[in-house]
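This report concerns only the one structure given below.
Just so it is clear, none of the values below were taken in a lab; they were calculated from the coordinates. These numbers were taken from a predicted model, which means no experiment stands behind them. Ideal geometry is used to build each Cβ from the backbone, glycine not excepted, and the neighbour counts take in all protein chains shown.
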Amino acid sequence: MNLTCQEQLLPGDTLQEKWEAAQRFGYDGIELRGRGGHRIRERLPELHQARRDGVVMNTVCVEMLHFIGDFDAERRSDALANLRTMLSVIAEIGGSSAMTPASYGMFSRRLPPFVPPRDEDGDRAVLLDALGELGRHAEREGVKILLEPLNRYEDHMVNRLDQAVELAVDTGLGSVGVVADSYHMNIEETHPPTALVAASDRLFHVQVSDSNRLEPGAGHIDWTAFLAALASIGYTGDLAAECRLSGPAEQVLPKAAATLRAAAAE
């Protein structure tokens, strides 16, 4: 099991300091965060030096306020441009993938006004167009673009793994895959282990947090069953901690790593 941790959770002012902490806490790598404004490109000198110093940075998770499924064409275009940059940067430093949701906080069918301004066919067309463009760019760079389903309260378009897999397959590109996030799965999937197995052909990354969005072990997710499902499909990608913390990082992140490793060993 290759266990990583998102950079903002780790103590330290530099990636090298964060990497030292990650290793002490029981993690094998750092997941980067990709902010808007192409800021990850501005970090290239820092990232190259960190790579030379042995920091493992395999993936980047987008951190923006608008995404590839935005209702506004200009905002969609900006999201696409930023993701192309993230794909190029992660390829340049020897990583594997960048990931994005369809949207976040833009609209929910579960909250008023309940009916979005674009129909399902329109959503699908927008997402396929974006994923196709990003997938072709990822293919040229030798990396992957991954779509992450979010729960129904955060996104109205892609909530379950099977929906994300369908879109990835329909692009016709092997460079387009999906991310499983245990927190969102706990809300949306009837049986998360079964959903993981069903998504195996396109499942290239997993993010972990518990049922309450805190670190693994602080909620009620059955980590033994979750990790057994991943083992059953021969999953060899990362498990990246993306969560809030119930206490100081120095205390809770080592416990979370221990929880996951113990569950994987059962």
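A few comments on the model shown:
- Long-range HN-HN contacts of S246 with modeled amide H, under 5 Å: E215
- Net charge in the neighbourhood of Y153 (other residues with Cβ under 13 Å of its Cβ; Lys, Arg +1, Asp, Glu -1) is +1.
- Estimated purely from DSSP H runs of n ≥ 4, each contributing -39500 (n - 2.57), the mean residue ellipticity at 222 nm for the chain is -13500 deg cm²/dmol once divided by its residues.
- For S175, S96, order by how many other beta-carbon atoms lie within 10 Å, fewest first: S96, S175
- Karplus (6.51, -1.76, 1.60) ³J(HN,Hα), θ = phi - 60°, over the stretch 189-196, in Hz, Gly and Pro reported as x: 8, 4, 8, x, x, 5, 5, 4
- Taking θ as phi - 60° and the Karplus parameters 6.51, -1.76 and 1.60, the scalar couplings of the stretch 135-152 work out to x, 5, 5, 4, 4, 5, 7, x, 10, 10, 9, 10, 9, 10, x, 10, 6, 4 Hz in sequence order, x denoting glycine and proline.
- Karplus-derived HN-Hα couplings along the stretch 61-66 (A = 6.51, B = -1.76, C = 1.60, θ = phi - 60°), whole Hz, x at Gly and Pro: 9, 5, 9, 9, 9, 9
- Note on R213/L111: beta-carbon distance plugged into 1/(1 + (r/R0)^6) with R0 of 25 Å gives a FRET efficiency of 0.85.
- Prolate/oblate/rounded label for the stretch 148-210 (Cα gyration tensor, a/c 1.5): prolate
- For E31, neighbours were defined as the other residues whose beta-carbon sits under 10 Å from its Cβ, and their charges (Lys and Arg +1, Asp and Glu -1) total -2.
- Long-range amide H partners of G29 with built H, under 5 Å: C5
- Additional length obtainable on full extension of the chain from E20 to R52, 0.36 nm per residue less Cα span: 10.1 nm
- Between the C-alpha center of the stretch 22-36 and that of the stretch 206-266 there is a gap of 14 Å.
- For the stretch 2-265: relative contact order, % (alpha-carbon pairs under 8 angstrom, 6 or more apart): 17
- In terms of surrounding Cβ atoms within a 10 Å radius of their Cβ, L32, L227 rank from fewest to most as L227, L32.
- Inter-label distance, nm, simple model (7 Å from Cα along the C-beta direction), E133/E250: 4.7
- Residues whose amide H comes within less than 5 Å of that of L146, counting only those at least five positions distant or on another chain, are A98, M99, T100, G177 (H built at 1.01 Å from N in the peptide plane).
- Within the shell defined by Cβ-Cβ distances under 10 Å, the residues around H205 carry a net charge of -3, with Lys and Arg each +1 and Asp and Glu each -1.
- Against the empirical 2.2 N^0.38 Å (N residues), the stretch 2-265 has a Cα radius of gyration ratio of 0.96.
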